[in-house]
1. Take A127 and tell me if it is modelled with pLDDT of 90 or more and closer than 22 Å to C81 by Cα.
2. For segment 427-440, which positions are of a type outside the set (A, V, I, L, M, F, W, C) and in contact with a helix residue (DSSP H, G or I) (Cβ under 7 Å, 6 or more places away or on another chain)?
3. Here is a list: K383, K390. Which entry is among the basic types (K, R), modelled with pLDDT of 90 or more, under 30 Å from I99 (Cβ atoms) and assigned to a loop (DSSP other than H, G, I, E, B)?
4. Need the failing condition index for F269 against (1) among the aromatic types (F, W, Y); (2) open to solvent by less than 20 Å² (accessible area, probe 1.4 Å); (3) over 25 Å from the mean Cα position of the chain (by Cα), just the number.
5. Does L433 count as in a helix (DSSP H, G or I), open to solvent by less than 50 Å² (accessible area, probe 1.4 Å) and more than 19 Å from L359 (Cα to Cα)?
6. Among the numbered criteria (1) free of Cβ contacts under 8 Å to residues at least 60 places away in the same chain; (2) open to solvent by less than 60 Å² (accessible area, probe 1.4 Å); (3) hydrophobic (A, V, I, L, M, F, W, C), which one does L515 miss?
7. When you scan segment 277-309, how many residues do you find that are over 26 Å from H92 (Cβ atoms) and surrounded by 20 or more Cβ atoms within 10 Å (Cβ to Cβ)?
8. Give all pairs with beta carbons closer than 7 Å in which a residue from segment 354-372 that is open to solvent by 20 Å² or more (accessible area, probe 1.4 Å) meets a residue that is of a type in the set (S, T, N, Q); count only pairs at least 6 apart in sequence or on separate chains.
Amino acid sequence: MNPLPVFKLIRPHLGLLFSSRFIVPTLLFVISISWLILCYLPLFESLGFTLNNLPIYIYTLILLVFLLAAFISLGKSPTECWLLNKLNLAIHDLRHEDIEQCLALINKPSFLFMLPASKVQLVRLTASFYTQQGNYLEAYNTLQNMQQLPLRSKEWIIIQIQLMHLYYAVGNLKACQHMISTLQSLKLTFEPQLNIDLQQVELDALAGKYQQAKDKLEELYAIPKLSVNAKVAILHTLAVVDTHLGNYEALTTNYRQAWDLQKNQKNNFAQAERTVDNLILSYAKQGELAKINPVFEQLQSLASNSSLTQQLALHNIKLNLARQLNDRQALLQVYADAEKKLRPQLQGEQKFAYIVNSLRMHFNDNVNFAQTLQDTQQAMLTKPDISTLKTLRAITEISGTLKQAIATVGPRAELMTFFSWLLFEFKRLESKLDRLQDAVPPNLPSLKAELISLKVDSLKNTLMLMLAEPNQALFERMFELLEEKKNLWQGMSSPLDQLNELLIILDEYQAYKKLLHGTPFETDFKPLALKALEEAKQLANNNPKHLAYSDKLIGLAYACYQLNTQKTQAKQWLDTFDKTKLSLNHNAVWLREQYEQANDWVNRT
């Protein structure tokens, strides 16, 4: 018999048993077994080795030490259980204030030592919190560092599942599929297997295998004794698949069934909020407006007045609801209530993020933009101690809104002054972009793409500030960065993300062609735009039924119109969009304008 396969099988377990976490109980067990064997071997028995050589209290002491060591290796103290449970509930209930309170309590000197099992769960929950906030790099680093710890097989599997979901969130579908394949080769319990099956279904849906995905979801839902959270997760994914299949009544039913399961649950606001948001949108699109308010009121009853994160989520749903219903009076009231009741309670980074993110909404909704602009200026001057990346994100968000405002109302003094200050502030921080980009591993493409976008913004800011004359070298560098950003998605099995980057290249070409009319820019860079259009054509035509591509088809048809090429193909794309029966009223104004101009062009004789 060849012992090598057996050794390979038990080697990881031996490594764990003799790790720092399990070394004490392992050694005690080995010593005890060795003593027992010695006492029963005839050779040593003749020398006087018997169990009676040691008094009973020694055996009792060894047993107690062994049990204590085993508890330290595997168990959790009552205080740790209480705290970790509180942290877990707060994450599921979207109570960031309680999460921060728990983490602050854990960082106190009294919690400097935690039992290994508690430490593993704490790190895992912290990674979940980072993921919930969109801090994917922190989540990734936390999970990677955690894998250096001595982990039981169950703990290791949970971490791999979290990494699987993380790869999906950042667009690395190839890595996500690899994680699924690796985990499928193991013997898994029910809950991890369900997690993997749901993730596989989402990948199948992205690949256009809608009926296969639907059949699998219905098979999973038929499993007896599913938890409420598992049923809701299945129904959410089923609703997405039904949307692609055009089963609009079914998708509303799925969200309604999910809400019926959730509306009486406690400590699950994060998932409930997503369900209601989708259900309200489905009702609005189908004209079932009378059903909206009762659902929203039920969600409000689940929220805590003391949780600002929950109140902010409700505020955003109210805004979307007023927009969907085209109710101007309700929209104004939502803003007024937020200024009176919600904003005074916000502090620090939460208040800063609220003000920065609300500037664009106030402009788009034409609600008190002048005052919000002043508030945003004050927020930037007195911003809390936040990271460089968050500062750059804030500058990008605000400057993007100011560009919209300048294009709409003209270069007013207050807009141009603030805009110029923001661009100079951006230039001051851009030297740190390379270091930020170097900190991102290559398997997190969306994070690298964001940082490259910031570099592109830096070049555009250079033009805006007239620090450099528009020249071919500068534009070559800009399009080189855009190409690099597009290439991040090659090999990631993420065609939708790659298509989006190609559309950005086309949009930038069209914008600068219009701005630099009469210059060599149009002829110099038109071949690059045509190449991007051909690549985008391949991706779009390979996924004709995917609804996520629908608005992209409008952008591609508009690019054909701007480049005055492929009119027949542009008409096919617009016809494909029309067949989806998606309403243009729910899209941005600029997308509706692109549709109208492209549609007029393709139908012009």
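1. Working: modelled with pLDDT of 90 or more: yes; closer than 22 Å to C81 by Cα: yes.
In short, yes.
2. Step one: list which residues in segment 427-440 are of a type outside the set (A, V, I, L, M, F, W, C), which gives 427-428, 430-432, 434-435, 437-438.
K427, E430, K432, Q437, listed by residue number.
3. On the way: K390 fails: assigned to a loop (DSSP other than H, G, I, E, B).
Answer to the check: K383.
4. F269 satisfies every listed condition except (3).
5. Working: in a helix (DSSP H, G or I): yes; open to solvent by less than 50 Å² (accessible area, probe 1.4 Å): yes; more than 19 Å from L359 (Cα to Cα): yes.
Spelling it out, L433 is indeed in a helix (DSSP H, G or I), open to solvent by less than 50 Å² (accessible area, probe 1.4 Å) and more than 19 Å from L359 (Cα to Cα).
6. (2)
7. 1
8. Taking only residues 6 or more apart or on different chains, the pairs are R360/T401; F363/T401; F363/Q404.
The values are calculated or read from the model by the stated rules, or taken from the named source; none is laboratory data. Here the structure is a predicted model, which is why all the values come from computation and not from measurement. Here Cβ is always computed from backbone atoms with ideal geometry, including for glycine, and neighbour counts include all displayed protein chains. These area figures cover heavy atoms from the full protein model, side chains too; ligands, DNA and RNA do not enter into them. Shrake-Rupley method; radii C 1.70, N 1.55, O 1.52, S 1.80 Å.
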